[in-house]
1. Among the numbered criteria (1) of a type outside the set (A, V, I, L, M, F, W, C); (2) buried (at least 21 other Cβ atoms within 10 Å of the Cβ); (3) in a helix (DSSP H, G or I), which single criterion is violated by A:P77?
2. Out of the helices (runs of 4 or more DSSP H) lying entirely within the range B:145-238, which hold 3 or more residues that are more than 15 Å from B:L37 (Cβ to Cβ)?
3. Could you please let me know if A:V353 is within 14 Å of chain B (Cβ to nearest Cβ), in a helix (DSSP H, G or I) and free of Cβ contacts under 8 Å to residues at least 60 places away in the same chain?
4. I'd like the residue in the range B:78-108 that is over 22 Å from B:S51 (Cβ atoms) and not in a helix (DSSP H, G or I) and, out of all such residues, is farthest from the other protein chains (Cβ to nearest Cβ).
5. Name the one entry in A:S93, A:S106 that is polar (S, T, N, Q), assigned by TED's automatic domain parsing to the domain that holds A:L154, in contact (Cβ under 8 Å) with a residue 24 or more places away in the chain and touching a Ser or Thr at 6+ places or on another chain (Cβ under 9 Å).
6. Would you confirm, using the coordinates I've provided, whether B:L134 is buried (at least 19 other Cβ atoms within 10 Å of the Cβ), in contact with a Gly (Cβ under 8 Å, 6 or more places away or on another chain), under 30 Å from B:I6 (Cα atoms) and aliphatic (A, V, I, L, M)?
7. Would it be correct to say that A:G358 is farther than 30 Å from A:F72 by Cα and in a loop (DSSP other than H, G, I, E, B)?
Amino acid sequence: MRIAKLAAASLLSRKSNAVLTLMAIAISVMLLLGVERVSQETRSGFANTISGTDLIVGARSGSVNLLLYSVFHIGNPTNNITWETYQHWANNSQVAWSVPIALGDSVRGYPVVATEPTFFEHFRYAQQQSLTFASGQAFQRGEAVVGAEVARQLNLQVGSDLVIAHGTGSVSFHEHDDHPMHIAGVLERTGTPVDQAIYVGLRDLDIMHGGTDDHAHDDHDSDSHDAHEHGEHAGHEHDAHEHGAHEHDEHESHEHTAYEHDAQPPIPGISAFFVGLQSKPRAIFMQREINTYREEPLTAIMPGSTLHELWRTLSGFERALSVVSGFVLLAGLLGMLATILASLRERRREMAVLRSIGAGPGTIFTLLVSETMVLTLAGMAVGVGLLYGFIFTLAPWIQSSFGIVVELSGISNAEWLRLAIVFVAGFFISLIPAWRAYRNSLSDGLSMRV
Amino acid sequence: MATLCIRGQQIKFCWPRQSQPTIDIAELAIKSGERILLRGPSGSGKSTLLSLLAGVHAVQSGTLTVLDKDLSQLSQRKRDKFRADHIGYIFQQFNLLPYLSVIQNVLLAIDFSKSRGQRLNERNTSARAESERLLTRLGIASELWEKPAGNLSVGQQQRVAAARALIGAPELIIADEPTSALDTDARDTFLNLLNEECEQQNITLVFVTHDTTLSHHFDRIVELAQINQGTSIEGGEA
């Protein structure tokens, strides 16, 4: 104990060196834990994002891409699926339920998902949890449902109005302000991308994009639309437009019909659809069947296995980050070693004094080990503090930018393990100056070689 | 025998990588309570002899008995403990840990030795009280006690070092030219105070110097050159 006190006092006397060394350790510890923390949260966030959906079907594209845009609202659909194709599969005898989604619009950077009200019934996340409403209910015509985070950030309640913007950027030059949406419901927080999304009816999306004429304004004519990227836009495919006026007339006449009315498509094309099967083991056959559909090139994925695939892709990245942070730690420890070794030279007098009052070489050894360990432990403590500070300040940003919820939870086992590694590495590093001082004190004895 | 504090017979010590022993003393006897001036020119093996007496190094042949303990029979660890308990050591300079306060520097000697603390207990005094007494006695004003030792002048530092050597009444004090950095006045004051304390507590004092003008402070002068047959090629006095 008294040795630890002496070590601390000695360190304090070399405050600036000690603080710099400590900060190097702290930053490397923070990085080491931060990488672990973020990948842990990402992993569980990913795994919890969707469950209970057997297949996700989109236009022909990579499976990870389909998963990313349909579930995480990251990236854009490569192409749309026609409503007829959707109907074909929705009516398949194996299909228990299906929910179409159409993407491409946003509200202040938050993605708008056009879907059917049955979405709220069938969508499951985490352990088969369904979506619940914090207030209000599912949308009807002209209404929207917002995720918890959207409601909080944009300060929306049931009854507020919402103007949807064309495109997915956070700054939009084209707002569908002629067609403001009424908020019908606010969802309970889920910790998934659902929190970040706005849900509207397919029909409303189509109307916003001039699918019918009932609210058409000048700024919605086809010229202004050509200026936008149509390819990424679900509700407003070129083909649909070029089908001619009579189809639009049909839309018009049915604009107030219920969604269940299969005969009339609420929207010409959708981005993807979620499928629940009668029998889950059939998923792989169904997937094959959809992938080989001749009428339209489609891709069907099983969300679980694609999540896995996605995670495998990311885990290489995660490992690389871990290796880099490991090297940062090594650099921090070597910095500490260099500082302490350098200090030994000017502290030979101090060692001689300690020996003169009865400290053995063993005591000198312990003193040096304690000094290094005091630095290491303090560095670890500060590092953990920095980590929590960063999580606390950056968590909202991480959530809104990446949809990853980083919680202010305690230190996990994996993190304890990493801390233990730092501790052990610090201990081994400490043996080097301790051994050097031990040897010096043996040979110097009481003489003060400076 | 009991009255002998230090007794050396045929002691030899040779530094590694040197062919000739630095210390080769046939007979060395210092009585308990005696105050000895050990004199020798630079490079006469003074520092080596002191580190043998203090038990930092062990003689390679012969016997060196300090306070009835044959140091060569003790392990390194036991010699370190022996030094902590029974020997006070004062260097020429830089005796103090500059980052500790004056009083902490004095108390450090108690931290390293239980028996010094016990001796104070037997005298019904605490370590703190005794260090304050010694510091006052040696002329260190109380407002300096909590100051970092590095802030003191060299003369003051040497007196604090004396207080640390004296605390808990060790039987032997070894002083390695503690006054060489002091001016004549400070030197005499320092020596008088050290002598008085040693006398009061019946402490044996081995005082090393090459300054002949200090002889009158001591009971006896030992000329190292006369007793040491070793060839001394120590790199100067540190």
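1. (3)
2. Hits in the range B:145-238: B:154-166, B:184-200.
3. Working: within 14 Å of chain B (Cβ to nearest Cβ): yes; in a helix (DSSP H, G or I): yes; free of Cβ contacts under 8 Å to residues at least 60 places away in the same chain: yes.
Considered against the rule, which asks whether it is within 14 Å of chain B (Cβ to nearest Cβ), in a helix (DSSP H, G or I) and free of Cβ contacts under 8 Å to residues at least 60 places away in the same chain, A:V353 comes out as yes.
4. Of everything passing the filter in the range B:78-108, B:S101 is farthest from the other protein chains (Cβ to nearest Cβ).
5. Details: A:S93 fails: touching a Ser or Thr at 6+ places or on another chain (Cβ under 9 Å).
None of the others qualify; the one that does is A:S106.
6. Against the criterion (buried (at least 19 other Cβ atoms within 10 Å of the Cβ), in contact with a Gly (Cβ under 8 Å, 6 or more places away or on another chain), under 30 Å from B:I6 (Cα atoms) and aliphatic (A, V, I, L, M)), B:L134 does not qualify.
7. On the way: farther than 30 Å from A:F72 by Cα: yes; in a loop (DSSP other than H, G, I, E, B): yes.
So A:G358 passes the test.
For every residue, the table says whether it meets (1) closer than 14 Å to A:N440 by Cβ; (2) surrounded by 14 or more Cβ atoms within 10 Å (Cβ to Cβ).
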site: A:V324; (1), (2): no, no
site: A:L333; (1), (2): no, yes
site: A:A338; (1), (2): no, no
site: A:E346; (1), (2): yes, no
site: A:I357; (1), (2): no, yes
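The values are calculated or read from the model by the stated rules, or taken from the named source; none is laboratory data. Values in this document were obtained by computation on a predicted structure and should not be read as measured data. Here Cβ is always computed from backbone atoms with ideal geometry, including for glycine, and neighbour counts include all displayed protein chains.
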